[in-house]
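Working notes, beginning with the structure itself.
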Protein chains: 4
Amino acid sequence: MRIAIVGYGYWGPNLLRNFSAIKDCELAYVCDFRPERLSLVAAINPSVICTSRFEDLLDDASLDAVVIATPVFTHFDLAKKALLSGKHVLIEKPMTSSAAEAKELIEIADRTHKILMVDHTFLYTGAVQKIKQLMADGVIGKPTYFDSTRINLGLFQPDINVLWDLAPHDLSILDYLIDDVPYSVNATGVSHTGNDIENIAYLTINYQSGFIAHFNCSWSSPVKLRNILIGGDKKMLLFNDLEPSEKLRIYDTGYDHKSDEDKRRVMVDYRAGDVFIPKVAQKEALFGMASDFVASIREERSPVSSALSGLRVINILEASQKSIKSNGKEIVLQWN
Amino acid sequence: MRIAIVGYGYWGPNLLRNFSAIKDCELAYVCDFRPERLSLVAAINPSVICTSRFEDLLDDASLDAVVIATPVFTHFDLAKKALLSGKHVLIEKPMTSSAAEAKELIEIADRTHKILMVDHTFLYTGAVQKIKQLMADGVIGKPTYFDSTRINLGLFQPDINVLWDLAPHDLSILDYLIDDVPYSVNATGVSHTGNDIENIAYLTINYQSGFIAHFNCSWSSPVKLRNILIGGDKKMLLFNDLEPSEKLRIYDTGYDHKSDEDKRRVMVDYRAGDVFIPKVAQKEALFGMASDFVASIREERSPVSSALSGLRVINILEASQKSIKSNGKEIVLQWN
Amino acid sequence: MRIAIVGYGYWGPNLLRNFSAIKDCELAYVCDFRPERLSLVAAINPSVICTSRFEDLLDDASLDAVVIATPVFTHFDLAKKALLSGKHVLIEKPMTSSAAEAKELIEIADRTHKILMVDHTFLYTGAVQKIKQLMADGVIGKPTYFDSTRINLGLFQPDINVLWDLAPHDLSILDYLIDDVPYSVNATGVSHTGNDIENIAYLTINYQSGFIAHFNCSWSSPVKLRNILIGGDKKMLLFNDLEPSEKLRIYDTGYDHKSDEDKRRVMVDYRAGDVFIPKVAQKEALFGMASDFVASIREERSPVSSALSGLRVINILEASQKSIKSNGKEIVLQWN
Amino acid sequence: MRIAIVGYGYWGPNLLRNFSAIKDCELAYVCDFRPERLSLVAAINPSVICTSRFEDLLDDASLDAVVIATPVFTHFDLAKKALLSGKHVLIEKPMTSSAAEAKELIEIADRTHKILMVDHTFLYTGAVQKIKQLMADGVIGKPTYFDSTRINLGLFQPDINVLWDLAPHDLSILDYLIDDVPYSVNATGVSHTGNDIENIAYLTINYQSGFIAHFNCSWSSPVKLRNILIGGDKKMLLFNDLEPSEKLRIYDTGYDHKSDEDKRRVMVDYRAGDVFIPKVAQKEALFGMASDFVASIREERSPVSSALSGLRVINILEASQKSIKSNGKEIVLQWN
């Protein structure tokens, strides 16, 4: 199988390294319009063809797949051309600038029988896979909430706000772990640079089941935090991605409640118990993601990090932005 | 000066101990309708008169002041009666069940020339007083955000939601530290007990200046967190109340930005520098609060934790509840 | 049962409070030669007889037991007189200034059929009792090492060095948990005040079985640490006494080794696995200790924190001091 | 300048990468007797000559310098041959198996006017350089102690004990920071594998000035710790190498003491104050070390991590081993 990488920016070397390491997979091209970036590729990997012309890739009938790692606003156009030229396509997160674009790409991929995938790398980490398994085993019980904090002194992006930049990680994890349909969103935020692009934003996702999800995203925090709390009616779980060796903590903590005949009166039994820190497999998540892309093409199956999950994430981001710009108003999500 | 405590619940022993320790101040009564609570008082402090009749206090012309530590829904009625009987009044937080009640109490206190105070204990901690001083000295620069997390496995209250229970602490700190008028609130939340009383809630306070404040409150977290992050254009600050000896951290971290002529393009200069952990005075905040009440009466001046700050906190809580019940809709605050 | 406390210093109020709380036990006397200390007792507990004359206690035939909480150098004399007057005796740690004194007290107690106990409070903490149970259940396997760090900016004692001040806690825990006979000690240390009383000291206890114990004690550390690591051939354990709610961590971590025929060649299999943080009962250890003293007298049985364990701790402290003063030379312990 | 690496084991790729990155320096050879290791080099860097014959390096008159990264017992022989063939030599830590060997190498290097250097990488870290500067500026005052803990579940070495494996890092830092001559050592330890090679060891270094240094080294800890505490009469300092961004903490904490006329009585004034966490330059220490080697050769000057510091470290390690094997007996260090 022959693969090309389009866009050799911050993430490029990681993609190059991991796709180069996959067996029976040839990294054929790297495409970037900046000559200085291409010269870096040539230094590391002289056998790759470096080009600034995207058309070269489309014209090469022996090229199987294209990995798109360019700025978000270019994703749709590049992916559409690649799909229509008969290539399988992997897109960096966030998938597109709008849900409409994501839907159109999915339709084209369906029609052309090509794999369309989005790179939600976190789904391939040992920690998230462990949580998935624990939840499948019923350890947590019925999930009740998801509370994510992803803040640090981060690069202010010039074209997308902090939710589009940081929340896709957590939204893809939420989408992967929770089998429930988000009903609506409320989001608030602020831009401290005067360009109307929020550098701090807060998002609540409401569910009709009573589940709730919340996201605290900031490029303006002196402290770096990457936490997800997941509540369940049996146990609760903390995923702290900054812990080098203790990323997951499972708390044997919770409460049961029963309502009195008087609706407002509720009896709550609390319990606080042991904590368990399972060993989590240390593996390069990006290699798992790249391997899943290649295997999906070979086995003609959907990847874990599917285009549909990419669309669901974009759907929420789009609604969040609408909510922020409407003073936090509830935006009901459209899923059809 | 002679003082009475009304309501001898969870907080009662702390009030008793601290008011007993104030010089030239006699703790004359403890009033509670539960005999078993009163017998606890008698065991510790035999010289205090224990009574279940609130009227005894009102009828005692030599009683100067009343401390109200009963459930919230009784605050207004008890405080009103005490003020009208010529007593100075201290009320536990939250001050009342509604802004209208708080306003009426303030009017009565003004008319009767009595001190009316609310117990926002946190304003008297070494940490908050240090932050106040640092901000007055210009260390932080112009404040840009306030982000509070107060979560743990907490007691589900039967009559007030998690915001009314936990947020008054942080709202009073915000009110004390930030000289800016909140414009509106958005709040979301969920009740997992089916009694419509939220056990998890999120609150954003919007300001017309571009400042933003956010509050994450939960009774359902396996992890106990009590953090406030305050951003400024010079430095940023973390107040972690659970740290035994390093409650404050000042980060020489920030960013400057200047807009390009093109409004959307912004140049951002980042800096991450030293961290400074100032020593914070260890003192009992409740003793400071109690002393301020007594001194305010003696000196006929407003206490730090004034009734007006209590009203401002109630105003925000009331608007928050309205927002939660209106699906997160923005509620513009009324300040007149 | 009637009890007296001798010495009302730093620890006095805690002893008073806990002995007062024991059922069917009357705190009859507090004895101290400092009038200002006795007046504190009178304020808290008017029914206790306050005296500066130790003889009053000895002369009171209805007094059952004496608790000695005076400076170490007075322990022997006071305890001896009390035993010979027919009182049961509890002594604060360290038990005496020398092993010879401890032995003599034990002989007198045996002869007079009185309970002689030393206050090793830590044995009654939820954490140490949990470790004891885990080790009894074989969770750790065969113990291989014990490594304790107890350092902070501590009060320089005028009469005993940092080992005599801090190590009794850890030595008593070691004695309680490890069923193996210490063979010898090596200790080093330094005095920064020129009075020959070490403020930093290091102690190794050697065992003929291959087990090893080490103690790092300091009054001169800016950081406060209270850690004990216990290695076993199955699992390892960390006791961090400064953690408010996660005092114990059990690591499913270890190594197996088998020697090659070539004695120097060893094959080592490592494993690093899950971590388990058991919930530890929160209880006042001092109340448990006081109760054990009273129950030991009533039931005519040896307490958990026995005089023999006190002697074993003194034996090690005495040998450690000898080692420090002999430039770290190995001192073989005498156990008969 | 042309350089060769001898021994391409665990550390080899790091040496290769850093020496390859130095300007005007050609990595000419990698020498290893294992063909599979050499094939790794060829894959990464095809222009390097790979050889299993050390003589090839000695015979190449245009080769300037040799980097020795083989097992410790081979260091002396390889370094001696290289020096005698006219090469400059860099040796991985620990420098040699004995002080006698280290001395002989130093003599040969002096005679042949070649640079002889040992790789004490830590001296080139931002953290240690910051401490060096702080101490030079008098921030700490007069140093009083050095207390190092370097423990984890580490690889059991087959030929050297845990002190020879781990302590060189901390001993080289001590040697670099403290201008005082160690007088003697006491060391204790234990081997749990029966091969007489200690996996846990404790080392005290005594100074006639009253300064003291202590080292706790273990391959058998479930917890990974890399801490150095440095006490001074003005301030104290903690270097925690596992902290990603807060490696140094300076405590405005300490004590002053003055002796009474009575020698045993000492008055101690304690202070606990602010904590300061300076920003530490993030740079690759190994690159700094490699650059210093190359610059030392060019500028004909001694490197920071000199052969003499290597000898001083070996001197202490040798004495420590002697002490362990003599039951912790004090071994007076020979410095001439």
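The values are calculated or read from the model by the stated rules, or taken from the named source; none is laboratory data. Here the structure is a predicted model, which means the values were calculated and not measured. Note that we place each Cβ from the backbone using ideal geometry, even for glycine, and neighbour counts take in every protein chain shown.
Before moving on, here are some points about what is shown:
Let's see how each residue does on (1) hydrophobic (A, V, I, L, M, F, W, C); (2) within 13 Å of chain B (Cβ to nearest Cβ); (3) in contact with a Ser or Thr (Cβ under 7 Å, 6 or more places away or on another chain); (4) closer than 30 Å to B:M267 by Cβ:
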| residue | (1), (2), (3), (4) |
| --- | --- |
| A:K132 | no, no, no, no |
| A:D137 | no, no, no, no |
| A:G154 | no, yes, no, yes |
| A:N161 | no, yes, no, yes |
| A:D165 | no, no, no, yes |
| A:P168 | no, no, no, yes |
| A:L171 | yes, no, no, yes |
| A:I178 | yes, no, no, no |
| A:V181 | yes, no, no, no |
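- Residue under evaluation C:Y255, criteria (1) within 16 Å of the chain's Cα centre (by Cα); (2) of a type in the set (F, W, Y); (3) farther than 17 Å from C:Q129 by Cβ, criterion not met: (1)
- Verdict on B:K93 being touching a Gly at 6+ places or on another chain (Cβ under 9 Å) and of a type in the set (K, R): yes
- When D:A285, D:A281 are screened for being modelled with pLDDT of 95 or more and either away from chain C (no Cβ under 13 Å) or surrounded by fewer than 15 Cβ atoms within 10 Å (Cβ to Cβ) (or both), only D:A285 passes.
- Summed over the stretch A:45-92, the residues that are under 20 Å from A:T121 (Cα atoms) and of a type in the set (A, V, I, L, M) give a count of 10.
- Residue check for D:S148: out of contact with any Pro (no Cβ under 8 Å at 6 or more places or on another chain), in a strand (DSSP E or B) and under 27 Å from D:V185 (Cα atoms): yes
- Every residue from the stretch B:194-205 that is crowded, with 24+ Cβ neighbours inside 10 Å and at the interface with another protein chain (Cβ under 7 Å from one of its Cβ atoms): B:I200, B:Y202, B:T204
- Residue satisfying all of: in the stretch A:192-235; among the β-branched types (V, I, T) and outside any strand (DSSP E or B); nearest to the chain's Cα centre (by Cα) among these: A:I197
- Sub-9 Å Cβ pairs linking a first residue in the stretch A:42-66 that is within 17 Å of A:L16 (Cα to Cα) and in the same structural domain as A:C25 (by TED's automatic domain parsing) to a second residue that is part of a strand (DSSP E or B) and among the aromatic types (F, W, Y), at least 6 apart or interchain, are A:V48/A:Y29; A:I49/A:Y29; A:C50/A:Y29; A:T51/A:Y29; A:L57/A:Y29; A:L63/A:Y29; A:V66/A:Y29, ordered by first then second residue.
- Any hit, the stretch A:181-201, residues being within 20 Å of B:L203 (Cβ to Cβ), touching a Cys at 6+ places or on another chain (Cβ under 8 Å) and assigned by TED's automatic domain parsing to the domain that holds A:K142: yes
- Condition met for D:V190 (within 14 Å of chain C (Cβ to nearest Cβ), farther than 27 Å from C:A187 by Cβ and modelled with pLDDT of 95 or more): no
- Output for the stretch B:209-240, where each listed residue is more than 8 Å from chain A (Cβ to nearest Cβ), in contact with a Ser or Thr (Cβ under 9 Å, 6 or more places away or on another chain) and surrounded by fewer than 18 Cβ atoms within 10 Å (Cβ to Cβ): B:K224, B:D233
- Taking (1) modelled with pLDDT under 95; (2) in contact with a helix residue (DSSP H, G or I) (Cβ under 9 Å, 6 or more places away or on another chain); (3) of a type in the set (D, E, K, R) in turn, B:K132 satisfies each apart from (1).
- Here no strands (runs of 3 or more DSSP E) wholly within the stretch B:251-332 include at least 2 residues being in contact with a Phe, Trp or Tyr (Cβ under 6 Å, 6 or more places away or on another chain) and of a type in the set (D, E).
- For the stretch B:129-145, the criterion of being under 30 Å from A:N206 (Cβ atoms), surrounded by 20 or more Cβ atoms within 10 Å (Cβ to Cβ) and touching a residue at least 60 places away in the same chain (Cβ under 8 Å) is satisfied by at least one residue.
- Residues being in contact with a Cys (Cβ under 6 Å, 6 or more places away or on another chain) and more than 21 Å from B:L84 (Cα to Cα) - total across the stretch B:22-69: 3
- Qualifying residue in the stretch A:122-140 (condition: closer than 26 Å to A:K322 by Cβ and in a loop (DSSP other than H, G, I, E, B)): no
- Among residues of the stretch D:42-83, those that are under 30 Å from D:A167 (Cα atoms) and of a type outside the set (S, T, Y), counted: 18
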